[in-house]
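**Q** Input: one structure, supplied below.
The values are calculated or read from the model by the stated rules, or taken from the named source; none is laboratory data. On a predicted model such as this, the values are computed, not experimentally measured, just so you know. Neighbour counts run over all protein chains shown; Cβ positions are idealised from the backbone, glycine included. To get the accessible areas, we keep the full protein, side chains included, count just its heavy atoms, and leave off ligands, DNA and RNA. Shrake-Rupley method; radii C 1.70, N 1.55, O 1.52, S 1.80 Å.
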Amino acid sequence: MPRRQLKVTVALATAAAASLSLAVAPAHSAPSDPVDPAVWIELAKTLEGTAKYQYAPFAVTDGYEPLWCSADPALGGTNYHYVNKKLYGSLDPAKPAALLYEDRTNEDWIDEASDTSWLDDLDALDGGTPPVAPSAATESRRLVAAEWIVLDKDQDPTTDDDRPSLFGVPFNGPVVSSGVPIHYNLQAWIWKKNPSGMFPRPNLAEPCPAA
């Protein structure tokens, strides 16, 4: 990603975070989305903390590995989960344990169906946005969501007395899936509108199909 594109991405995220800190709810808020202004302030930290990961190779450099995939019936396509195992257990809004990406469907840097489309009601930056130059598959993947993963203390899927919460939302689980111990998870779709809401129940992740 050219330096100018990255600067615009980070600047946009910073502006959005500042707007959210003033308790301006995103334009795509669904009835199931949070209404507490304090939640939007916390989500602003996530937006700002993950802005640079719009460029997937930066996520890899910072310890996120593309480990598994999940199908998304509501949106179509495949979500690629980039996981930083060192952040298992993190409840810091700015430090999710996983980042979800999808393949871009066109060469637009920001289009009406993805990225920060949900910031339409927030203050916009002056000037246009540059197009994304053709690149390798990993580089062209679009960041759509952040995910927090907390391992289940007793590794017993029949008990949930240690269920965590974040943004006032209880985590899903305990989840039994391949590639990760029994855990709880929570996704926040801050970079793309999800018809199931800001905090949808995640689909089961599996090993990615061979390219």
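**Q** Just how much of Leu67 is accessible, in Å², when a 1.4 Å probe is used and the result is rounded to the nearest 10?
**A** The value for Leu67 is about 60 Å².
**Q** Give the calculated FRET efficiency between Asp161 and Ile41 to the nearest 0.05, with a Förster radius of 41 Å applied to their Cβ-Cβ distance.
**A** Efficiency, from the Cβ-Cβ distance: 0.90.
**Q** I would also like to ask the following. Apply the Kirkwood formula to segment 144-211: the hydrodynamic radius equals the inverse of the mean of 1/r over all pairs of different alpha-carbon atoms; give it in Å with one decimal.
**A** Working: mean 1/r = 0.0774 Å⁻¹.
About 12.9 Å, per the Kirkwood formula over Cα pairs.
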